[in-house]
Amino acid sequence: MFRRVTVKRLERKTAVITGGSDGIGFAIASAFAENGANLVLVARNQEKLFHAKQLLQTKGVSVETVSADLKDLSSIPHVTATLLERTHGQIDVLVNNVGVAHFKPLPDLSLDLLDEMVNLNIKVPFLLIQHLLPALTATRGNILNISTYWSQKMIAGRPSSAYSMTRGAINTLTKALANELGELQIRTNAIAPGSIDTSTFRKWLDTKNQEELLEYQNYVTS
(Lines give C-alpha, C1' and ligand atoms only; values in the text may rest on other atoms or scores of the structure.)
Protein backbone atom coordinates (compact mmCIF):
# COMPACT_ATOMS: atom_id res chain seq x y z
CA MET A 1 0.00 0.00 0.00
CA PHE A 2 1.25 3.44 -0.96
CA ARG A 3 0.20 6.48 1.00
CA ARG A 4 -0.25 9.68 -0.95
CA VAL A 5 1.70 12.55 0.62
CA THR A 6 0.57 16.10 -0.07
CA VAL A 7 3.55 18.36 -0.64
CA LYS A 8 3.04 21.93 0.52
CA ARG A 9 5.66 23.83 -1.41
CA LEU A 10 5.41 27.00 0.68
CA GLU A 11 5.45 25.44 4.13
CA ARG A 12 7.43 27.54 6.64
CA LYS A 13 7.44 30.43 4.15
CA THR A 14 5.87 33.82 4.87
CA ALA A 15 4.05 35.85 2.22
CA VAL A 16 3.03 39.50 2.48
CA ILE A 17 0.09 40.34 0.21
CA THR A 18 -1.19 43.88 -0.28
CA GLY A 19 -4.87 44.20 -1.07
CA GLY A 20 -5.14 40.66 0.26
CA SER A 21 -8.58 40.85 1.85
CA ASP A 22 -10.67 40.77 -1.31
CA GLY A 23 -10.73 39.94 -5.02
CA ILE A 24 -7.53 38.83 -6.71
CA GLY A 25 -5.49 39.43 -3.56
CA PHE A 26 -7.66 37.11 -1.48
CA ALA A 27 -7.53 34.44 -4.20
CA ILE A 28 -3.73 34.65 -4.17
CA ALA A 29 -3.69 34.45 -0.37
CA SER A 30 -5.95 31.39 -0.48
CA ALA A 31 -3.69 29.63 -3.00
CA PHE A 32 -0.63 30.42 -0.90
CA ALA A 33 -2.36 29.10 2.24
CA GLU A 34 -3.27 25.88 0.42
CA ASN A 35 0.45 25.45 -0.19
CA GLY A 36 1.32 26.01 3.47
CA ALA A 37 2.45 29.65 3.50
CA ASN A 38 1.92 31.83 6.54
CA LEU A 39 0.33 35.12 5.54
CA VAL A 40 0.33 38.81 6.33
CA LEU A 41 -2.49 40.67 4.60
CA VAL A 42 -2.40 44.43 4.12
CA ALA A 43 -5.61 46.30 3.28
CA ARG A 44 -7.72 49.28 4.33
CA ASN A 45 -10.96 47.66 5.42
CA GLN A 46 -10.67 46.09 8.87
CA GLU A 47 -13.93 44.16 8.51
CA LYS A 48 -12.80 42.53 5.27
CA LEU A 49 -9.41 41.76 6.81
CA PHE A 50 -11.08 40.07 9.78
CA HIS A 51 -13.32 38.00 7.50
CA ALA A 52 -10.39 37.00 5.26
CA LYS A 53 -8.34 36.00 8.30
CA GLN A 54 -11.12 33.77 9.62
CA LEU A 55 -11.45 31.96 6.29
CA LEU A 56 -7.74 31.53 5.67
CA GLN A 57 -6.94 30.27 9.15
CA THR A 58 -9.12 27.23 8.46
CA LYS A 59 -6.35 26.08 6.10
CA GLY A 60 -4.01 25.58 9.05
CA VAL A 61 -1.69 28.54 8.50
CA SER A 62 -0.85 31.65 10.50
CA VAL A 63 -2.60 34.79 9.26
CA GLU A 64 -1.70 38.31 10.41
CA THR A 65 -3.39 41.48 9.19
CA VAL A 66 -2.27 45.10 8.89
CA SER A 67 -4.91 47.76 8.31
CA ALA A 68 -3.47 50.67 6.34
CA ASP A 69 -4.39 53.06 3.56
CA LEU A 70 -1.36 52.65 1.32
CA LYS A 71 -2.30 55.54 -0.95
CA ASP A 72 -1.03 57.71 1.92
CA LEU A 73 2.64 57.32 1.07
CA SER A 74 3.70 58.70 4.43
CA SER A 75 2.33 55.51 6.01
CA ILE A 76 4.82 53.26 4.21
CA PRO A 77 7.63 53.41 6.84
CA HIS A 78 5.17 52.52 9.61
CA VAL A 79 3.57 49.75 7.54
CA THR A 80 6.90 48.17 6.64
CA ALA A 81 8.11 48.38 10.26
CA THR A 82 4.89 46.62 11.32
CA LEU A 83 5.38 43.95 8.65
CA LEU A 84 8.90 43.25 9.83
CA GLU A 85 7.67 43.02 13.42
CA ARG A 86 4.79 40.67 12.57
CA THR A 87 7.00 38.40 10.45
CA HIS A 88 10.02 38.55 12.79
CA GLY A 89 11.97 39.79 9.78
CA GLN A 90 11.19 36.75 7.62
CA ILE A 91 9.53 37.73 4.36
CA ASP A 92 9.87 35.11 1.64
CA VAL A 93 7.33 36.51 -0.80
CA LEU A 94 6.06 40.05 -1.37
CA VAL A 95 2.94 40.25 -3.53
CA ASN A 96 2.26 43.80 -4.72
CA ASN A 97 -1.40 43.40 -5.55
CA VAL A 98 -3.01 46.61 -4.30
CA GLY A 99 -3.99 49.01 -7.04
CA VAL A 100 -6.73 51.21 -8.42
CA ALA A 101 -8.22 51.84 -11.86
CA HIS A 102 -10.11 54.91 -13.06
CA PHE A 103 -11.38 54.57 -16.61
CA LYS A 104 -11.99 58.21 -17.43
CA PRO A 105 -11.70 59.92 -20.82
CA LEU A 106 -8.50 61.93 -21.00
CA PRO A 107 -10.23 65.36 -20.79
CA ASP A 108 -12.15 64.26 -17.66
CA LEU A 109 -9.25 62.77 -15.71
CA SER A 110 -8.49 64.96 -12.71
CA LEU A 111 -5.06 65.38 -11.18
CA ASP A 112 -6.33 63.75 -7.97
CA LEU A 113 -7.37 60.59 -9.81
CA LEU A 114 -4.10 60.53 -11.73
CA ASP A 115 -2.11 60.91 -8.52
CA GLU A 116 -4.10 58.12 -6.85
CA MET A 117 -3.28 55.69 -9.67
CA VAL A 118 0.38 56.70 -9.85
CA ASN A 119 0.75 56.39 -6.08
CA LEU A 120 -1.00 53.03 -5.61
CA ASN A 121 0.03 51.37 -8.86
CA ILE A 122 3.66 52.52 -9.09
CA LYS A 123 5.01 54.28 -6.01
CA VAL A 124 3.59 51.90 -3.39
CA PRO A 125 5.12 48.73 -4.94
CA PHE A 126 8.42 50.56 -5.46
CA LEU A 127 8.56 51.83 -1.88
CA LEU A 128 7.52 48.51 -0.32
CA ILE A 129 10.24 46.70 -2.26
CA GLN A 130 12.76 49.35 -1.27
CA HIS A 131 11.90 49.23 2.43
CA LEU A 132 11.65 45.43 2.61
CA LEU A 133 14.73 44.74 0.49
CA PRO A 134 16.98 43.70 3.43
CA ALA A 135 14.41 41.11 4.56
CA LEU A 136 13.94 39.81 1.01
CA THR A 137 17.70 39.63 0.57
CA ALA A 138 18.06 37.58 3.75
CA THR A 139 15.54 34.97 2.53
CA ARG A 140 16.54 35.14 -1.14
CA GLY A 141 12.92 36.01 -1.58
CA ASN A 142 10.44 36.53 -4.34
CA ILE A 143 8.63 39.65 -5.53
CA LEU A 144 5.38 39.23 -7.43
CA ASN A 145 3.86 42.34 -9.01
CA ILE A 146 0.26 42.16 -10.20
CA SER A 147 -0.11 43.97 -13.51
CA THR A 148 -2.89 43.66 -16.11
CA TYR A 149 -3.45 43.13 -19.81
CA TRP A 150 -4.46 46.82 -19.91
CA SER A 151 -0.77 47.63 -20.26
CA GLN A 152 -0.90 46.20 -23.78
CA LYS A 153 -4.50 45.66 -24.88
CA MET A 154 -7.08 48.43 -25.08
CA ILE A 155 -10.86 48.13 -25.38
CA ALA A 156 -13.03 50.45 -27.46
CA GLY A 157 -15.31 52.56 -25.32
CA ARG A 158 -13.29 52.07 -22.15
CA PRO A 159 -10.64 54.82 -21.97
CA SER A 160 -7.57 53.71 -20.06
CA SER A 161 -4.71 56.08 -20.88
CA ALA A 162 -3.53 56.79 -17.33
CA TYR A 163 -4.29 53.34 -15.96
CA SER A 164 -2.51 51.64 -18.87
CA MET A 165 0.44 53.97 -18.33
CA THR A 166 0.79 52.93 -14.68
CA ARG A 167 0.55 49.24 -15.51
CA GLY A 168 3.12 49.62 -18.27
CA ALA A 169 5.37 51.22 -15.67
CA ILE A 170 5.02 48.29 -13.25
CA ASN A 171 5.94 45.90 -16.06
CA THR A 172 9.08 47.90 -16.80
CA LEU A 173 9.91 48.12 -13.10
CA THR A 174 9.56 44.34 -12.83
CA LYS A 175 12.00 43.72 -15.66
CA ALA A 176 14.48 46.28 -14.32
CA LEU A 177 14.37 44.80 -10.80
CA ALA A 178 14.75 41.27 -12.14
CA ASN A 179 18.01 42.48 -13.63
CA GLU A 180 19.09 44.57 -10.63
CA LEU A 181 18.12 42.20 -7.83
CA GLY A 182 19.01 38.96 -9.55
CA GLU A 183 22.55 39.14 -8.21
CA LEU A 184 21.00 39.12 -4.71
CA GLN A 185 19.15 35.95 -5.70
CA ILE A 186 15.81 37.73 -5.44
CA ARG A 187 13.35 36.73 -8.15
CA THR A 188 11.06 39.42 -9.51
CA ASN A 189 8.06 38.54 -11.70
CA ALA A 190 4.75 40.02 -12.77
CA ILE A 191 1.39 38.51 -13.60
CA ALA A 192 -0.96 40.33 -15.99
CA PRO A 193 -4.51 38.97 -15.52
CA GLY A 194 -7.35 39.62 -17.89
CA SER A 195 -10.91 40.18 -16.71
CA ILE A 196 -11.40 38.50 -13.33
CA ASP A 197 -14.75 37.91 -11.63
CA THR A 198 -14.28 40.28 -8.70
CA SER A 199 -16.74 42.64 -7.01
CA THR A 200 -15.17 45.62 -8.79
CA PHE A 201 -15.47 43.96 -12.20
CA ARG A 202 -19.09 42.96 -11.54
CA LYS A 203 -19.96 46.56 -10.64
CA TRP A 204 -18.61 47.65 -14.03
CA LEU A 205 -20.57 44.93 -15.82
CA ASP A 206 -23.77 46.13 -14.12
CA THR A 207 -23.42 49.48 -15.90
CA LYS A 208 -23.55 47.84 -19.36
CA ASN A 209 -26.55 46.90 -21.50
CA GLN A 210 -26.80 43.60 -23.39
CA GLU A 211 -25.40 45.02 -26.61
CA GLU A 212 -22.37 46.50 -24.82
CA LEU A 213 -21.75 43.26 -22.94
CA LEU A 214 -21.85 41.26 -26.17
CA GLU A 215 -19.46 43.69 -27.85
CA TYR A 216 -17.09 43.44 -24.88
CA GLN A 217 -17.16 39.64 -24.85
CA ASN A 218 -16.50 39.49 -28.58
CA TYR A 219 -13.57 41.86 -28.24
CA VAL A 220 -11.78 40.16 -25.38
CA THR A 221 -12.13 36.72 -26.95
CA SER A 222 -10.97 37.83 -30.40
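Tell me which of Leu10, Gly25, Ala43 sits at the most positive position along the dipole axis of segment 3-56, charges placed on C-beta atoms (Lys, Arg +1; Asp, Glu -1).
It is Leu10.
Please list, in chain and number order, the residues 5+ apart from Val63 or on another chain whose amide H is under 5 Å from its amide H, with Hs placed from the backbone.
Here the answer is Leu39, since their amide H atoms fall under 5 Å of that of Val63.
Accessible area of Lys104, 1.4 Å probe, to the nearest 10 Å²?
For Lys104, the solvent-accessible surface is approximately 90 Å².
Given a 1.4 Å probe, how much area per residue of segment 1-95 is accessible, in Å²?
58 Å²
Extension gain Leu73-His51, at 0.36 nm per residue separation less the Cα-Cα distance, in nm?
Extending this stretch completely gives an extra 5.3 nm.
Would you mind computing, in nm to one decimal, how far apart the modelled labels at Glu180 and Ser30 are, each placed 7 Å from Cα along Cα→Cβ?
3.5 nm
Would you please put 73-83, 93-103 in order of how densely packed they are, using the mean number of other Cβ atoms within 10 angstrom per residue and starting with the highest?
93-103, 73-83
Might you report the magnitude of the Cβ-based charge dipole of segment 94-193 about its Cα centre, with Lys and Arg at +1 and Asp and Glu at -1, to the nearest 20 debye?
Value, rounded to 20: 320 debye.
At 7 Å along Cα-to-Cβ for each site, give me the label-to-label distance between Phe126 and Gln90 in nm.
Result: 3.3 nm between the two label points.
Could you order Thr139, Thr58, Thr166 by accessible surface area, starting with the largest, using a probe radius of 1.4 Å?
If we order Thr139, Thr58, Thr166 from most to least accessible, we get Thr58, Thr139, Thr166.
The values are calculated or read from the model by the stated rules, or taken from the named source; none is laboratory data. Predicted model, so just to flag it, every value in this text is computed and none were measured. Cβ sites come from the backbone with ideal geometry, for glycine too, and all protein chains shown count toward neighbours. Note: accessible area is taken over every heavy atom of the protein model, side chains too, but ligands, DNA and RNA are not part of it. Shrake-Rupley method; radii C 1.70, N 1.55, O 1.52, S 1.80 Å.
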